[in-house]
Structures are given as structure tokens and as C-alpha cells.
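The values are calculated or read from the model by the stated rules, or taken from the named source; none is laboratory data. Predicted, not measured: the structure shown is a model, and the values here were computed from it. Every residue, glycine as well, gets a Cβ built from its backbone with ideal geometry; the counts of neighbours run over all protein chains shown. Side chains are part of the model used for accessible areas, which takes the heavy atoms of the whole protein and leaves out ligands, DNA and RNA. Shrake-Rupley method; radii C 1.70, N 1.55, O 1.52, S 1.80 Å.
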Amino acid sequence: GFVPGLFGTSHGALQFMAYEDLKERYNKYRNRVSDTKLNTVEYIMMAAVSKIFAVVATYPYQVVRARLQDQHNTYSGVSDVIRRTWR
């Protein structure tokens, strides 16, 4: 419960970190000041890419968590869930 729940909060943190890094790198690439405001299309692209990054990074955790909560299967622990899911 508690520890896996804490790991689940990393999704938002990863998305925010990726967004800020992408924005900074993009502005540097465009030879702009790092805190320059993005236009609507740039904002949507940075938000989408950062969301994709966060989903890809945390999706395996979501699968393991959902299987641990499944009442129809019995697992001996997290490693058993990962091993059986991988198989």
C-alpha cells in the first residue's frame, strides 16, 4: 500500500520535470531567454511530449499495482507479479 502509493505520485513530478527541461532546451535551441513564454502550439507540444514521457516511465508501475489489487489472482509479492506479467 503505502510505498507503492508514494511511487505513484512520481508521475506528476516526472511530467513537470520533463516539461520544464523541454521548454528550457527548446528556448535555448531557438536562441531565446530560458523563461520566454511559449506560443499555443509550442505549449501543446511540450505538454504532450512531457505527458508521453511520464506515462511511458510510470505505466509498468500502474500494471503491477492493478494486478496486486486484483482479487481474482493470488500473488506472493511484487516480484511474483513482475515475473508472471513478463512471462
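Once divided by 2.2 N^0.38 Å, the Cα radius of gyration of the chain becomes 1.50.
Compactness check for region 37-86: Cα Rg over 2.2 N^0.38 Å is 1.74. Heavy-atom accessible surface of HIS11, to the nearest 10 Å², is about 40 Å², with a 1.4 Å probe and all protein chains retained. For the peptides 34-46, 15-27, the ranking by mean Cβ contacts within 10 Å, running from highest to lowest, is 15-27, 34-46.
Rolling a 1.4 angstrom probe over the protein heavy atoms with all chains in place gives the chain an accessible area of 79 Å² per residue.
Each Lys and Arg Cβ is given +1 and each Asp and Glu Cβ -1; about its Cα centre, region 37-86 then shows a dipole of about 40 debye.
Relative to the longest principal axis of the Cα atoms of the chain, helix 40-69 runs at roughly 10 degrees.
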